[in-house]
Amino acid sequence: MPIIQPKVFIVLINWNGFSDTVECISSINKIFYSNYEIIIVDNGSENDFEKFENIYSNDIILIRSDVNLGFAGGNNLGIKYALKKNADFVLLLNNDTIVEPDFLDVLVKSGIEKEVGIIAPKILNYYFPKIIWSAGGKISWLGASGYSDGEGKTTEKFIENRYVTFVSGCCMLINKEIFSNIGFFDEDYFLYSEDTDLCKRVTDAKFKILFIADSIVYHKINTSTKRDISYLPIYYQTRNRLYFARKFYIKYLSIIMLYIYISMFLKSIIWTIMGQKNKIKAIKTAIKDFRNNNFGMKVFI
């Protein structure tokens, strides 16, 4: 009698990244795992949705958002659809990734363990595939951020599975029970730190996060944000770290803010020397918006 595989919905967020998304889907279609469906959430792209309709209309679930909802909002759309269709697991996967054929089999097998809420693979640099980009990590209360232990190290490192407190939203397999227990991504982040927030809530709810060394994904690092203004990541990372700190570490907020301010001041000295004043402006705007509770998407003029 054949073993029944849990149902997995794979959610890809597309924002003007048609060619990357097509390459990602091509690699997914070669995986060994069979009980899955792909959801593309087109996040306010200029004309990608029509292209997807032309080539995937019968094979893939297409969800269109007329505006960019960010990483958090876009994924929430896909997650909620998957849950309505009785998903056992939801796999969040960056559209600028390529996967190994057995990556999902290995993740699902590990995810069946009781009390495991999130399972994540080893993520390698697409351009330098012997170099680790993410191998699980931890959340720093002082830095108010999640950090990957293996970033920049060779694939000979981090060869064993282990429980962690942080994994990147680039690729995470999430048990459906997580969403009924802690909810969805916090859309106030819009972009950056929403995965850290989710991991914090998962562990606070006594679920485990498991890193699986034998599941391999390759990531084209920062593909989406490179297409946008260079100071976009700096703005969101600064504002959202402060928001994360206030949300979870209010007791230490003054210490965390001082640490972040000093770090940004030192970086600002370097940016001034290099003539990158837009980055300094992004920092100031981020701090101002945090203090004024201006969250979500930021439009720079």
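The values are calculated or read from the model by the stated rules, or taken from the named source; none is laboratory data. Remember, it's a predicted structure, so these values are computed and weren't measured experimentally. Heads up, the Cβs are rebuilt from the backbone with ideal geometry, glycines too, and the neighbour counts pull from every protein chain shown.
What the table below lists for this structure:
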{"item": "Criterion: more than 17 Å from GLY146 (Cα to Cα), surrounded by fewer than 17 Cβ atoms within 10 Å (Cβ to Cβ), at pLDDT 95 or above and of a type in the set (D, E, K, R) - qualifying residue of LYS251, LYS267", "result": "LYS251"}
{"item": "Restricting region 66-91 to residues that are closer than 19 Å to ASP48 by Cβ and not in a helix (DSSP H, G or I), the residue that is farthest from the chain's Cα centre (by Cα)", "result": "ASP66"}
{"item": "Boolean, SER193 is in contact with a Cys (Cβ under 9 Å, 6 or more places away or on another chain), of a type in the set (Ser, Thr, Tyr), touching a residue at least 40 places away in the same chain (Cβ under 8 Å) and crowded, with 18+ Cβ neighbours inside 10 Å", "result": "no"}
{"item": "Identity of the residue in region 138-161, in contact (Cβ under 8 Å) with a residue 24 or more places away in the chain and at positive phi, that ends up surrounded by the fewest Cβ atoms within 10 Å (Cβ to Cβ)", "result": "PHE158"}
{"item": "The one condition in (1) at positive phi; (2) touching a Pro at 6+ places or on another chain (Cβ under 9 Å); (3) at pLDDT 95 or above that ILE216 fails to fulfil", "result": "(1)"}
{"item": "Filter result for ILE256 (crowded, with 17+ Cβ neighbours inside 10 Å, touching a Pro at 6+ places or on another chain (Cβ under 7 Å), among the aliphatic types (A, V, I, L, M) and in contact (Cβ under 8 Å) with a residue 60 or more places away in the chain)", "result": "no"}
{"item": "Filter pass, ALA205 being touching an Asp or Glu at 6+ places or on another chain (Cβ under 8 Å), over 15 Å from ALA72 (Cβ atoms) and of a type in the set (A, V, I, L, M, F, W, C)", "result": "no"}
{"item": "Residues located in region 1-45, provided they are part of a loop (DSSP other than H, G, I, E, B), under 17 Å from the mean Cα position of the chain (by Cα) and among the aromatic types (Phe, Trp, Tyr)", "result": "TRP15"}
{"item": "Filter result for ASP96 (under 24 Å from GLU187 (Cβ atoms) and among the acidic types (Asp, Glu))", "result": "yes"}
{"item": "Filter result for the condition that a residue is over 19 Å from LYS176 (Cβ atoms), crowded, with 17+ Cβ neighbours inside 10 Å and touching a residue at least 60 places away in the same chain (Cβ under 8 Å), over GLY78, GLY111, GLY73, GLY117", "result": "GLY73"}
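Residue by residue, here is whether (1) surrounded by fewer than 20 Cβ atoms within 10 Å (Cβ to Cβ); (2) among the hydroxyl-bearing types (Ser, Thr, Tyr); (3) out of contact with any Ser or Thr (no Cβ under 6 Å at 6 or more places or on another chain); (4) not assigned by TED's automatic domain parsing to the domain that holds SER215 holds:
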{"residue": "GLU23", "(1), (2), (3), (4)": "yes, no, yes, no"}
{"residue": "ASN29", "(1), (2), (3), (4)": "yes, no, yes, no"}
{"residue": "TYR36", "(1), (2), (3), (4)": "yes, yes, yes, no"}
{"residue": "ILE40", "(1), (2), (3), (4)": "no, no, yes, no"}
{"residue": "PHE52", "(1), (2), (3), (4)": "no, no, yes, no"}
{"residue": "SER57", "(1), (2), (3), (4)": "yes, yes, yes, no"}
{"residue": "ILE61", "(1), (2), (3), (4)": "yes, no, yes, no"}
